[in-house]
Every structure is written in C-alpha cells, then in structure tokens.
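What follows is a single structure, written as structure tokens, with notes after it.
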Amino acid sequence: MIGRSRRSILRIIGTVLALFLLVYWLSQQGWDQILAAIRRIPIEIFVLIFGIMMISRVAVATRWYILLRSAHGGINLGHALRLTFAGLFASNFLPTTIGGDVVRLAGGMNLKLDSAMCAASLIADRVVGVVGMATLLPVGLYHLWNTAPLSITHVEPTSFAMVVLSSVGAWTRNIWGRVWEFIQRVLQALMIWIRKPRALLGALIFTWIHMFCLFITLWLLLNSLGEEMNFWSIGGLWSIVYFVTLLPFSINGLGIQEVTLTFFFANIGGISLESGLTLAILIRTLMMLASVPGIAFLPMILSAVRDGHETELSPEASTFKVESQSES
C-alpha cells in the first residue's frame, strides 16, 4: 500500500512537471500564435479528422472483441463498443480515479463474463497494441540515429525538457523488476491465445487500422499547419512518443505525451516548435473528444468506481495490473 501511494505521488509530481514545461513552452511561443495556427485549420478538416478518430476507436474496440470472442467470452460487438468507449472516457476524464481497463473489466463482469478470462483478454489486448506499435518503432529509431547528436534549435526549453525527463527517469530504478513481473503475467495471459493465431492476427490487423487512422490524423493536422512530414516518419516518431508515454512518469501520460511529441517532432521531424505544440494540444483534444460518447455509459463507470476496490482484490483479477493508456 505504501509503495502504491508513493508511485501515485511520483506520478502526480511527474504530471505537474510535464504540464509546467508545456505551459512554459506555450508562453514562450505566445498563446496568440498557437490560437492563430489552430484557426488556420479549415473546419471541414476538423470534421474529417474527428470521423477518422472515431474509426480508430471502433478499431480498438473490435480488436478486444476479437480476442474475447475467440476465448468464448460470450460478448457481442455492441457490448465491446460500449465498454471500450466507457473505458476511454474514464481514462481521459477520470485519470486519477479509475483506469479505463478497470472499467472494461468491471463492465465485463457485470455482463457475467468470466473475470479471469476478461482480465486476460485485456492484457492480451494491451500486448497486441504494443506489438502493433512496435512494428514502426525501427523507423523512429532510424530517424533518431540519423539525427544524433540532436540538432537542438530550441536550446533553453528543450534542455529543460531533458533535465525534467532525466529526473523523472531516476524514479524508476526498479523498472526492470516490474517489467519482468509484467512479462510473466503477459505470458500467463497469452496462453489462451497461443493456440489461436487467427485471433491474434485479426486483433493485430485492427491495431494497424487504428494506427493508420492516427497517423493520417497527424498528417492532416501537420499539412493544415503548413508543415511537411511523410507518413512513415510520422508513424516512426509517434511510436517513440507512445513507448515513452507507457513509462510510469505521469497520470495517463498527461503532459509527458505533449512534451515528448513536441520535442521529437520539432527536433527530429524538423517542424517548428510552434507547430509541435499546436499538434500536441490538438491531438490530446481530439482523443478526449473521441471518447465523449462514453459519457452515455456513465452509470457503468460509476458502478465500476464503486466496485473497483473489490475488483482489484478478487483472486481472478489479481493478475490484472496493466497500466491504462488512452491510446493503445
């Protein structure tokens, strides 16, 4: 309990530091410039992007549905969609209270799904998402390697960023032990699907659909901001941002995602710091807006909050300790 409280405090500190840095960058660039950049984006582009983001959400829900169905979970796509959107809403709007995956787990148990199987499917769902994103990580590392040593054009804020990120990284001295424990839980959970390669492949395909929608969204936003970056570079750099955000630096990656996106896209992708900040703010906003339909399932979320303590302590759910992220 003490260890958990300490980690929560460190995450709060990490979130505050990252948000402080983000606000500092915004103040350096000028709020008026950022707002002017946003106004340059045509309304029809926003509508198109929102539609693409919704397709991305449906792809994520379908990925989980495929895994559940293959394990005879007794769930239909409609239920998977409702639980996924409820979880996304919880992750984006209730980050300090309850994780999105816990909402899905509690919702699945309310549907009389086997709790151990449901927890295992959520771990498998998260793993498939990580594997999918890892397919483009070599592209991001290639760009990172080719720009080393980094050509830092924004010395003061980016130097401050590296100091903050380095200090936050010092908090995770026991990270490898936790990673090994997580790997053991993952292997145990994936045993159900090792003999179901078609289900894993189907889930991976929908992960790639989600990734394609996300990268197209970033590409459209960058083009609207007058910046040029090819699709594969966007995907590679985002994969780095994604894996940094998975580390337990802040609550739901809040602040860390924006800082790392701005840093890597500006200093490796070659866009301006102003465009990087604008992109970071817009993509976070769009992710939150795309999860708003989950508010329709607010009673489910409130039920999950009320029963969350019992859910975490149940023997069947004891293996379920996956970090909840809004984008997987």
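Filter the range 226-249 for residues that are part of a helix (DSSP H, G or I) and small (Gly, Ala, Ser); which is nearest to the chain's Cα centre (by Cα)?
So the residue we want is Ser239.
Are there any helices (runs of 4 or more DSSP H) wholly within the range 1-75 with 1 or more residues that are touching an Asp or Glu at 6+ places or on another chain (Cβ under 7 Å) and at pLDDT 65 or above, and if so which?
Filter on the range 1-75 gives 31-39, 43-70.
Right, Leu279: at pLDDT 90 or above, closer than 22 Å to Val60 by Cβ and either of a type in the set (Lys, Arg) or within 15 Å of the chain's Cα centre (by Cα) (or both) or not?
Numbers: at pLDDT 90 or above: yes; closer than 22 Å to Val60 by Cβ: yes; either of a type in the set (Lys, Arg) or within 15 Å of the chain's Cα centre (by Cα) (or both): no.
Judged against the criteria, Leu279 is not a match.
State all residues of the range 261-286 that are farther than 25 Å from Met54 by Cβ, among the polar types (S, T, N, Q) and either crowded, with 24+ Cβ neighbours inside 10 Å or touching a strand residue (DSSP E or B) at 6+ places or on another chain (Cβ under 8 Å) (or both); if no residue qualifies, say none.
Listed by number, the list holds a single entry, Thr262.
Counting residues that are in contact (Cβ under 8 Å) with a residue 40 or more places away in the chain and farther than 16 Å from Ala80 by Cβ, which helices (runs of 4 or more DSSP H) fully inside the range 96-146 reach at least 3?
The qualifying helices (runs of 4 or more DSSP H) are 115-134, 137-146.
Filtering the range 203-225 down to residues that are surrounded by fewer than 19 Cβ atoms within 10 Å (Cβ to Cβ) and over 30 Å from Ile43 (Cα atoms), which residue is nearest to the chain's Cα centre (by Cα)?
That would be Leu204.
The values are calculated or read from the model by the stated rules, or taken from the named source; none is laboratory data. Please read these numbers as outputs of a predicted model, since none were measured by experiment. Heads up, the Cβs are rebuilt from the backbone with ideal geometry, glycines too, and the neighbour counts pull from every protein chain shown.
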